[in-house]
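Single-structure report; data block below.
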Amino acid sequence: MIRNTGQDTYDRQDCGTIFTVTSGELRLQDIILDGGKDEGVTAYHPLICVNGNACLRMLDGAVLKNAENRSQSMCGGGINVRQGQVYLYDGSQITHCKARHGGGIEVNSKSSYNQAVLGMAGGSIDNCEAADGGGVYVNIGMFQMQGGKLIENHAAREGTGGGGGIYVAGASQKTQIAAVLIRN
């Protein structure tokens, strides 16, 4: 297990992120990344940031848990995808994570929808919380779900916004869209 134990005191991108993936492929299997939220640790970063020509694969036994990301700019409690791909497979789990957008995962490329991709072929995102997108927040990017589970995620915002399981935003330009495909 890898656990965050110290507090962040300011909002700075990637400060304290356990893994930042900018090229190549990172495969996680039989490992727990713990943000320490259950012991009062808060942060200004996700546990994992994918930003570049990179791929993250969460395999059997890979668990991201107990992360609280208070950043206003780099959201996602468990994972933030700016550019690259993230795939969840059977036996992987993101649980008890919290952020402003995307308690479990934020997909937000800031440029083009096909540059940030989340694929869910298995695994689960559960008991995560955000103002928008308790489980998954998609602003500019693609989310394809063909397996896995989104369970008991919560959106805390009242009025506009929300999306306990998935929140789809999308920007105003043609290339800045959110694409979501859910198949059984």
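In the context of the full protein assembly, ASP38 retains an accessible surface of approximately 100 Å², using a probe radius of 1.4 Å and ignoring ligands and nucleic acids.
Remark: accessible surface ordering of MET1, MET145, MET74 (largest first) is MET1, MET145, MET74, probe radius 1.4 Å.
What dipole magnitude, in Debye to the nearest 20, does the chain give about its Cα centre under +1 on Lys/Arg Cβ and -1 on Asp/Glu Cβ? Walk me through the intermediate numbers first.
Working: 15 positive and 17 negative charges, 105 e Å.
Dipole size: approximately 500 debye.
Summing charges over neighbours of GLY35, with a neighbour being any other residue whose Cβ is under 14 Å away from its Cβ, gives -1 when K and R count +1 and D and E count -1.
Projected label points at SER73 and ARG157, each 7 Å from Cα along the beta carbon direction, are separated by 2.0 nanometres.
If r is the Cβ-Cβ distance from ASN114 to LYS149 and R0 is 35 Å, what FRET efficiency results, to the nearest 0.05? Efficiency, from the Cβ-Cβ distance: 0.85. Only protein atoms count toward the accessible area here, which uses a 1.4 Å probe; on region 1-94, the carbon and sulfur part of that area reaches 41 percent.
When LEU59, LEU88 are compared by accessible surface with a 1.4 Å probe, the order from highest to lowest is LEU59, LEU88.
Against the empirical 2.2 N^0.38 Å scaling, what ratio does the C-alpha Rg of region 1-133 come to?
Taking the Cα Rg and dividing by 2.2 N^0.38 Å, one obtains 0.92.
The relative contact order of region 24-138 comes to 24 percent, based on Cα pairs under 8 Å that sit 6 or more residues apart.
Work through the residues other than HIS96 whose Cβ is under 13 Å from its Cβ and net out their charges, Lys, Arg +1 and Asp, Glu -1. In short, -4. In this structure, the amide hydrogen of ILE151, modeled 1.01 Å from its nitrogen in the peptide plane, lies closer than 5 angstrom to those of ILE125, ASP126, ASN127, counting only residues at least 5 positions away or on a different chain.
Scanning the chain for trypsin sites (Lys or Arg not before Pro) in DSSP loops with at most 11 neighbouring Cβ atoms within 10 Å leaves 1-173 as the longest stretch between them.
If the segment from ASP30 to THR5 were pulled out straight at 0.36 nm per residue, it would be longer than the present Cα-Cα gap by 6.9 nm.
The values are calculated or read from the model by the stated rules, or taken from the named source; none is laboratory data. Please read these numbers as outputs of a predicted model, since none were measured by experiment. As a convention, Cβ positions derive from the backbone with ideal geometry for all residues, glycine included, and neighbour counts pool all protein chains shown. Only protein heavy atoms, including side chains, enter the accessible area calculation; ligands, DNA and RNA are left aside. Shrake-Rupley method; radii C 1.70, N 1.55, O 1.52, S 1.80 Å.
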